[in-house]
Amino acid sequence: MSAVAQPRIALLHGPNLGMLGRRPSQHYGTFTLFDLERMVREWGAERGMRVGCFQSDHEGAFLEHVHGITGIVDGAIVNPGAWTHYQWSIRDALESLGAPFVEVHISDVEERAKAEPHRGVSVVREKALAAVWGKGPDGYREALDILREHLS
Ligand code: DQA
């Protein structure tokens, strides 16, 4: 495969992630979604990647956004929030994206699953190129590197 010149990367966040900064800090830190998107855009720019950001609390809006970027983006970083654990329509949409995606979680979902078993389930993981969790914002930088390596 030949390298994509300036890969277009979609950064997609699902429900409640617009509330970062006001969610339990032991799991999510104190940064806002605005802070996070800025970091990922900057990390992307350092790597020659263009990052476009989207967040929604509405399943239909999220699905329509994924449909709209299908066949257009070169890769995606997706934190589906609680949808991760049960929302098959999100999996189906991501499966059709036509580009690899990395699933990212800010918190350590595997550790949290010991007390909240649903967090140990991901219905999108099987379709993902890779999954990163428990590393806070750094997990998104790792996801960019995984995509860059894959696209080169
Ligand atoms: C999350 C983990 C999910 O279990 C939770 O529902 C979220 C955020 C994370 O980034 O750690 O909303 O995806």
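The values are calculated or read from the model by the stated rules, or taken from the named source; none is laboratory data. What you see is a predicted model, and the numbers here were worked out from it, not measured in a lab. Every residue, glycine among them, receives a Cβ derived from its backbone with ideal geometry; neighbour counts consider all protein chains shown. Each accessible area value is taken on the protein alone, full model and side chains, heavy atoms only, with ligands, DNA and RNA left out. Shrake-Rupley method; radii C 1.70, N 1.55, O 1.52, S 1.80 Å.
Annotation: of all residues in segment 126-141 being in a helix (DSSP H, G or I) and in contact (Cβ under 8 Å) with a residue 40 or more places away in the chain, the one that is most open to solvent (accessible area, probe 1.4 Å) is 141.
Looking at segment 1-96, the helices (runs of 4 or more DSSP H) lying wholly inside it that each contain 2 or more residues that are open to solvent by less than 30 Å² (accessible area, probe 1.4 Å) sit at 33-46, 59-69, 88-95.
Counting the residues of segment 61-81 that are farther than 16 Å from residue 147 by Cα and within 16 Å of the ligand (Cβ to nearest atom) gives 3. Restricting attention to segment 110-124 and to residues that are without any contact (Cβ under 8 Å) to a residue 24 or more places away in the chain and open to solvent by 70 Å² or more (accessible area, probe 1.4 Å), the residue that is nearest to residue 8 (Cα to Cα) turns out to be 111. Would a scan of segment 34-55 turn up a residue that is modelled with pLDDT of 95 or more and over 19 Å from residue 143 (Cα atoms)? No, that holds for no residue. Restricting attention to segment 31-60 and to residues that are of a type in the set (Val, Ile, Thr) and touching a Gly at 6+ places or on another chain (Cβ under 6 Å), the residue that is farthest from the ligand (Cβ to nearest atom) turns out to be 51. Applying the condition of being buried (at least 20 other Cβ atoms within 10 Å of the Cβ) and within 11 Å of residue 70 (Cβ to Cβ) to segment 97-109 and asking which residue is nearest to the ligand (Cβ to nearest atom) yields 97.
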